[in-house]
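Please read the structure below before turning to the comments.
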Amino acid sequence: MNEYEIKLKINNPKEWRKKIINFKGRLISKKFEYDISLDKPNHYMKKKGEILRVKKIGNKVIIGYKNRKREIGYRFEEETELECSDLNKIVSIFKKLGYTYVRSEIEKIRETYFIPKGKITIDKLPQIGYFVEIESQIKGDLLLLIKKFDVSQKDIIIERYGKIIKRYLRSVGIKKNSLLFSS
């Protein structure tokens, strides 16, 4: 599946919830998520613009592969996901296959809303606060949603969370790739 998406750093999630509901959005879920992105020590996946990720959402475990096809003003990625049953076992298998470098490890509380022409999530990340992701499977629909929600081009973030948290952690003098609520 292809996805077009942007992120925004926000200060007021209540305001965004109102905007989403006013746009006929409906809350689908609010769940704790844990994501771990793996790579080989030589950064094989990163060099190719790819991500190998395992995430746990509630009781579900999902293996994901993303192939970046960045465009100006938003992010475009091909994404393939597969559900499995055991996070620790699947991470162990990937590590035995050489994917031993943890590119990022992130916890978040994610609210997912379906809206006409797409999906919006409000994510709470430890220490760095709230983000909104606006996502659609069709480029024109994403551009329409950006306009409908009055998003300024200067506020758009097209980086993945892994890069955002890495920059934050380096700015506070931490040399790890994990941003967890327990840290």
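The values are calculated or read from the model by the stated rules, or taken from the named source; none is laboratory data. Quick caveat: nothing in here was measured; it's all calculated off a predicted structure. Don't worry about glycine lacking a Cβ; one is built from the backbone with ideal geometry, like all the others, and counts go over all protein chains shown.
A few points about this structure:
- Entirely in the stretch 81-171, the strands (runs of 3 or more DSSP E) that have 3 or more residues that are in contact with a helix residue (DSSP H, G or I) (Cβ under 6 Å, 6 or more places away or on another chain) and at pLDDT below 95: none
- Residue list for the stretch 153-165, filter: in contact with a Leu (Cβ under 9 Å, 6 or more places away or on another chain) and either under 19 Å from LYS46 (Cα atoms) or surrounded by fewer than 11 Cβ atoms within 10 Å (Cβ to Cβ) (or both): ILE157, TYR161, ILE164, ILE165
- Pairing each residue of the stretch 113-134 that is at positive phi and touching a residue at least 60 places away in the same chain (Cβ under 8 Å) with any residue that is assigned to a strand (DSSP E or B) and hydrophobic (A, V, I, L, M, F, W, C), provided the two are 6+ apart or on different chains, yields no C-beta distance under 6 Å.
- Qualifying residue in the stretch 17-24 (condition: over 22 Å from PRO126 (Cα atoms), surrounded by 15 or more Cβ atoms within 10 Å (Cβ to Cβ) and free of Cβ contacts under 8 Å to residues at least 24 places away in the same chain): no
- Yes/no for LYS175 being at pLDDT below 95, within 21 Å of ASN67 (Cβ to Cβ) and of a type in the set (D, E, K, R): no
- Long-range neighbours under 7 Å by Cβ, at least six apart or interchain, first residue of a type in the set (Val, Ile, Thr) within the stretch 156-168, second surrounded by fewer than 16 Cβ atoms within 10 Å (Cβ to Cβ) and assigned to a loop (DSSP other than H, G, I, E, B): ILE156/GLY73; ILE158/ARG70
- Residue list for the stretch 63-80, restricted to those being part of a strand (DSSP E or B) and either out of contact with any Phe, Trp or Tyr (no Cβ under 6 Å at 6 or more places or on another chain) or loosely packed, with under 12 Cβ neighbours inside 10 Å (or both): ILE63, GLY64, TYR65, LYS66, ASN67, ARG68, GLU71, ARG75, GLU77, GLU78, GLU79, THR80
- Test result for LYS139, surrounded by fewer than 20 Cβ atoms within 10 Å (Cβ to Cβ), closer than 22 Å to LEU52 by Cα and in contact (Cβ under 8 Å) with a residue 12 or more places away in the chain: no
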